[in-house]
Amino acid sequence: MTTRHKENGLLEAQRAKIQPPRMFKVLLLNDDYTPMEFVVIVLQRFFSLENEQAMQIMLKVHNEGRAVCGIYPRDIAATKVSQVVEFARQHQHPLACTMEENQ
Ligand code: TYC
């Protein structure tokens with residue numbers, strides 16, 4: 001397939017423009033009020049983590065102020081942030097979730 005492209009100037013020029021998709025980290029931020037158990041549930045529910053890994057990430061946020069929950073293309077990362085914030089507000093918790101480009 002590569003050889004065929006190399007024999008075709010037009011296809012080769014198009015191929016060179018392809019970039020890997022921009023990826024975004026989704027982060028949870030610490031606060032003093034959201035219960036630890038609630039954060040673990042969030043990590044399991046929205047980031048498909050097992051209990052043990054969810055606990056480790058929750059404790060990293062608690063101890064260090066923030067931690068990465070997952071890395072996704074922009075639209076999926078933005079959806080995760082919205083879902084987490086909406087779920088937290090439904091339960092009257094101030095949990096903060098944000099995203100930033102994975103450079
Ligand atoms: N600091 C919170 C507490 O002591 C727990 C917590 C962990 C809150 C992670 C938010 O993203 C968070 N109850």
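Each value in this text was obtained by applying a stated rule to the coordinates, not by laboratory testing. Computed from a predicted model, the values in this text were never measured in an experiment. A quick note on method: Cβ atoms are made from the backbone with ideal geometry, for glycine too, and the neighbour counts reach across all protein chains shown.
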Between Gln83 and Glu52, what is the label-to-label distance in nm when each label sits 7 Å out along the Cα-to-Cβ direction? 2.4 nm
Based on a Kirkwood Rh over C-alpha pairs, give the Stokes-Einstein translational diffusion coefficient of the stretch 21-101 at 4 °C and viscosity 1.567 mPa s in µm²/s. 105 µm²/s
In nm, spacing of pseudo-spin labels at Val68 and His91 (7 Å Cα→C-beta vector): 2.5 nm
Lysine pairs within the chain, Cα separation less than 24 Å, 8 or more sequence positions apart or different chains: 4
With contacts defined as alpha carbon pairs under 8 Å and 6 or more residues apart, what's the relative contact order of the chain in percent? 41 percent
Report ³J(HN,Hα) in whole Hz for each residue of the stretch 42-47, in order, from the Karplus equation J = 6.51 cos²θ - 1.76 cosθ + 1.60 where θ = phi - 60°; Gly and Pro get x. 4, 5, 6, 6, 9, 10
Per-residue [θ]222 nm for the chain (sum of -39500 (n - 2.57) over DSSP H runs n ≥ 4, rounded to 500): -16500 deg cm²/dmol
Among 43-50, 31-38, the order from most to least packed when residues are scored by Cβ within 10 Å on average: 43-50, 31-38
